Structures are given as C-alpha cells and as structure tokens.
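These notes concern the structure reproduced below.
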Amino acid sequence: MGYPFPKEALLPFEEFKKLQRQWVAVKDLIPTQYVVRIDRMQWLAAGNKPEGDDIPHCVTWYGKTYLYDGHHRWLLAQIQGVTAMPVRNLVIEFATPIQNDQSSSASSESI
C-alpha cells in the first residue's frame, strides 16, 4: 500500500489539526496502511480517545480521499456500521502522480 500522494506536500501534524472538520462517507476513504493492531481497536472501542487529534487525517489527491492517520478509527467505524465520519482533509491539487515504474527514472538518468 503506502501513500500514493507525495509526502512532501503534507502539512506538519499541528497544522493538520487546524483544518476544519468535514464529514465523509466511510466507504469512500481509501486506507494507506496494511495493518491495524487489535489491542488498539479494543482500546478505541472501549471509548478511549487517542493522544493528539481524535479526528482522522485524510488527503484528497486526484479526486480520491486517502486515510493518512486514523486507520484504527476508520476500521472501527466500518465494524460498527457507521456510514459517515468527521475527518480533517487536506486537498492536494498541485502535485504530479508518483511514478512507481523504476525504468522511467532509470531512462531519464541515462540521458
């Protein structure tokens, strides 16, 4: 998985927390990590709040909204049947897609 958007375009955590909350459909959020910890899920399900920001952070890039921080809260919302949740969303409009093809970078280096 990983981030399909350039990490250089992200805000520092404290700046992310200043973004307005907005509601998004849980089904429209795309996760960017493979694993969540069961003990963390149980902790959140018990009503505990995470340190820092209790609102997931997302990045919208090329019309798709990706989870950047808050995978445990997102998965818990899915399990509980929640259809929409508040997030802090950063829209990146200026960045170009990252090329995963190693041959395109190799060919440009040899020029």
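For segment 45-64: of the residues being farther than 16 Å from Pro86 by Cα and among the aliphatic types (A, V, I, L, M), which is nearest to the chain's Cα centre (by Cα)?
In this case the residue turns out to be Ala45.
Could you give me the residue pairs with C-beta distances under 7 Å whose first residue belongs to segment 27-46 and is closer than 12 Å to Leu67 by Cα, whose second residue is assigned to a helix (DSSP H, G or I) wherever it lies, and which are 6+ apart or on separate chains?
Close Cβ pairs (under 7 Å, with a partner that is assigned to a helix (DSSP H, G or I)) amount to Leu29/Trp74; Pro31/His71; Pro31/Trp74; Gln33/His71.
Looking only at segment 31-61, which residues are surrounded by fewer than 12 Cβ atoms within 10 Å (Cβ to Cβ) and under 16 Å from Tyr3 (Cβ atoms)?
Of everything in segment 31-61, those that are surrounded by fewer than 12 Cβ atoms within 10 Å (Cβ to Cβ) and under 16 Å from Tyr3 (Cβ atoms) turn out to be Tyr34, Val35.
Considering only residues that are in contact with a Leu (Cβ under 8 Å, 6 or more places away or on another chain) and either of a type in the set (Asp, Glu) or closer than 14 Å to Lys27 by Cβ (or both), look in segment 67-81 and name the one that is surrounded by the most Cβ atoms within 10 Å (Cβ to Cβ). It would help to see each step written out before you state the result.
The initial filter retains those residues of segment 67-81 that are in contact with a Leu (Cβ under 8 Å, 6 or more places away or on another chain), namely 67-68, 72-74, 76.
This time we only want the ones that are either of a type in the set (Asp, Glu) or closer than 14 Å to Lys27 by Cβ (or both), so: 67, 74.
Working: Leu67: 19, Trp74: 21.
Looking at the filtered set, the residue picked out is Trp74.
Throughout, read-outs are computed from the coordinates displayed, never taken from laboratory work. In this text the structure is predicted, and so the values were computed from the model without any measurement. Neighbour counts run over all protein chains shown; Cβ positions are idealised from the backbone, glycine included.
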